[in-house]
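So the structure is just underneath, and the comments pick up after that.
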Amino acid sequence: MNTRIGNGYDIHQLSAGRPLILGGVNIPHELGLLGHSDADVLTHAIMDAMLGALSLGDIGHYFPPTDEKWAGADSLMLLKQVNELVQEKGWKVSNIDSVIVAERPKLKPHIETMRSKISSTLNLNPDQVGIKATTNEKLDAVGREEGISAYAVALLMAD
Ligand code: MG
């Protein structure tokens, strides 16, 4: 078997006085995501998809929120470590696809920068990293702007 697939999901609460960081990009907004690390919900979903493809568990296992070491951590640095683990196991990412669900702010102007940050962290071409954004049509917690969620799938190839 020379391909594996994994999926990842994450959600964080929106809160005043926090930066909004998505895909490594600091996005101007009056609310940011609450979490132990930088709460980059997109990067967290991508990491879980990559780990899931190899049945390696989830990011909570590698970067526990109870460990002070990860307080305020730059999630792109965590993504780099997950990629190193994938490579150690003899695999590489073929492509990633993802979607961010956020009512506000408009994310379209930031998508290309996110793709560039994620792909360069993973040593991939930007065309191997898909990032889409949608609203939740005002429904449920995400629709009420109480949080932002993200979904990702990752396809891995034997290296
Ligand atoms: Mg998270």
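The values are calculated or read from the model by the stated rules, or taken from the named source; none is laboratory data. Since the structure is predicted, the reported quantities are computational estimates derived from the model, not experimental observations. No Cβ is skipped: glycine too gets one built from the backbone with ideal geometry, and neighbour counts run over all protein chains shown. Accessible surface areas use protein heavy atoms only, side chains included; no ligands, DNA or RNA. Shrake-Rupley method; radii C 1.70, N 1.55, O 1.52, S 1.80 Å.
Is it true that LEU14 is of a type in the set (A, V, I, L, M) and in contact (Cβ under 8 Å) with a residue 24 or more places away in the chain?
So LEU14 passes the test.
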Among VAL99, VAL86, VAL82, which is open to solvent by less than 30 Å² (accessible area, probe 1.4 Å), more than 14 Å from the ligand (Cβ to nearest atom), hydrophobic (A, V, I, L, M, F, W, C) and outside any loop (DSSP other than H, G, I, E, B)?
VAL86
Out of the range 128-159, which residues are assigned to a helix (DSSP H, G or I) and in contact with a helix residue (DSSP H, G or I) (Cβ under 8 Å, 6 or more places away or on another chain)?
GLN128
Residue, nearest to LEU33 (Cα to Cα), within the range 72-92, restricted to residues that are without any contact (Cβ under 8 Å) to a residue 40 or more places away in the chain and among the small types (Gly, Ala, Ser)
GLY72
For the range 1-63, give me every one of the strands (runs of 3 or more DSSP E) that falls completely inside it and has 2 or more residues that are modelled with pLDDT of 95 or more and more than 14 Å from the ligand (Cβ to nearest atom).
3-16, 25-27
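In this structure, is LEU76 open to solvent by 10 Å² or more (accessible area, probe 1.4 Å) and away from the ligand (no atom under 14 Å from the Cβ)? Walk me through it before giving the result.
Details: open to solvent by 10 Å² or more (accessible area, probe 1.4 Å): yes; away from the ligand (no atom under 14 Å from the Cβ): no.
Criteria not met by LEU76.
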